[in-house]
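Encoded as structure tokens, the structure appears first; notes follow it.
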Amino acid sequence: QVQLVESGGGLVQAGGSLRLSCAASARPVSAYAMGWFRQAPGKEREFVAAISWSGGNTYYPDSVKGRFTCSRDNAKNTVYLQMNSLKPEDTAVYYCAAKITFYGVYKEEHEYDYWGQGTQVTVSS
């Protein structure tokens, strides 16, 4: 069982930056890959970033590549999403997700086992 809590969302102007955090707690202690997804009103949930358990591998879609960086600090049980050069189209509720596995990165929603409640990110023009 993995409990996930996102934080760090808010309002920022276009071109600005924001860092999201996802605090994780696994019971029993487990290895897990992590992902970030977002969903805007009326739109499908879309993949944003993924990171392996070790933190050694990350993956991003073209829409955020070069602007977003996912990292993790397993000693703090926390995964981060650093978002730079934000655009209005980045506005959405952002969710972190966990998949129990020692290996790999995952980009599909159905591959994840646990989800946080989400945090709102709003980018103004």
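The values are calculated or read from the model by the stated rules, or taken from the named source; none is laboratory data. For clarity, every value in this text was computed on a predicted model and none was experimentally measured. Here the Cβ positions follow ideal geometry from the backbone for every residue, glycine too, while neighbour counts run over all protein chains shown. Calculation scope for accessible area: heavy atoms of the full protein, side chains included, ligands and nucleic acids excluded. Shrake-Rupley method; radii C 1.70, N 1.55, O 1.52, S 1.80 Å.
May I ask you to list the residues in segment 85-125 that are farther than 23 Å from residue 66 by Cβ, open to solvent by 40 Å² or more (accessible area, probe 1.4 Å) and part of a loop (DSSP other than H, G, I, E, B)?
Within segment 85-125, 102, 103, 113, 117 meet the criteria.
Kindly indicate which of 59, 80, 103 is hydroxyl-bearing (Ser, Thr, Tyr) and within 12 Å of residue 22 (Cβ to Cβ).
Values: 59 fails: within 12 Å of residue 22 (Cβ to Cβ); 103 fails: within 12 Å of residue 22 (Cβ to Cβ).
Of the residues listed, the single one that is hydroxyl-bearing (Ser, Thr, Tyr) and within 12 Å of residue 22 (Cβ to Cβ) is 80.
Give me the pairs, please: first residue somewhere in segment 92-105 and under 10 Å from residue 50 (Cα atoms), second residue anywhere and charged (D, E, K, R) and crowded, with 20+ Cβ neighbours inside 10 Å, beta-carbon distance under 6 Å, and either six or more positions apart or on two chains.
Correct list of pairs: 96/6.
Here are some conditions: (1) among the β-branched types (Val, Ile, Thr); (2) surrounded by fewer than 16 Cβ atoms within 10 Å (Cβ to Cβ); (3) within 23 Å of residue 104 (Cβ to Cβ). Residue 5 meets all but one. Which one does it not meet?
Evaluating residue 5 over (1) among the β-branched types (Val, Ile, Thr); (2) surrounded by fewer than 16 Cβ atoms within 10 Å (Cβ to Cβ); (3) within 23 Å of residue 104 (Cβ to Cβ) leaves (3) as the failure.
Take the residues in segment 47-61 that are in contact (Cβ under 8 Å) with a residue 24 or more places away in the chain and open to solvent by 10 Å² or more (accessible area, probe 1.4 Å); name whichever of them is nearest to the chain's Cα centre (by Cα). I'd like the intermediate steps shown before the answer.
Filtering segment 47-61 down to residues in contact (Cβ under 8 Å) with a residue 24 or more places away in the chain leaves 47-53, 57-59, 61.
Next, from what is left, pick out any that are open to solvent by 10 Å² or more (accessible area, probe 1.4 Å): 47, 53, 57-59, 61.
Working: 47: 9, 53: 14, 57: 14, 58: 11, 59: 11, 61: 12 Å.
Top of the filtered list is 47.
Based on this model, can you work out whether residue 24 counts as within 19 Å of residue 114 (Cα to Cα), in contact (Cβ under 8 Å) with a residue 24 or more places away in the chain and touching a Lys or Arg at 6+ places or on another chain (Cβ under 8 Å)?
Criteria not met by residue 24.
Anything in segment 62-84 that is at positive phi and either open to solvent by less than 30 Å² (accessible area, probe 1.4 Å) or small (Gly, Ala, Ser) (or both)? List them, or say none.
Within segment 62-84, the subset at positive phi is 66, 77.
Result: 66, single match.
Restricting to segment 51-92, what's the tally of residues that are touching a Leu at 6+ places or on another chain (Cβ under 8 Å), within 17 Å of residue 5 (Cα to Cα) and aliphatic (A, V, I, L, M)?
Residues in segment 51-92 being touching a Leu at 6+ places or on another chain (Cβ under 8 Å), within 17 Å of residue 5 (Cα to Cα) and aliphatic (A, V, I, L, M): 1 in total.
Is it the case, given these coordinates, that residue 4 is closer than 18 Å to residue 121 by Cα, touching a Gly at 6+ places or on another chain (Cβ under 9 Å) and in contact (Cβ under 8 Å) with a residue 24 or more places away in the chain? So that I can check it myself, show each step before the final result.
Working: closer than 18 Å to residue 121 by Cα: yes; touching a Gly at 6+ places or on another chain (Cβ under 9 Å): yes; in contact (Cβ under 8 Å) with a residue 24 or more places away in the chain: yes.
Yes; evaluated as a whole, the condition is true for this residue.
How about segment 15-46: which of its residues are surrounded by fewer than 17 Cβ atoms within 10 Å (Cβ to Cβ) and within 15 Å of residue 69 (Cα to Cα)? Give the steps one after another, and end with the answer.
Looking only at segment 15-46, we keep the residues that are surrounded by fewer than 17 Cβ atoms within 10 Å (Cβ to Cβ), and these are 15-17, 19, 23, 25-31, 39-46.
Passing the criteria: 16, 17, 19.
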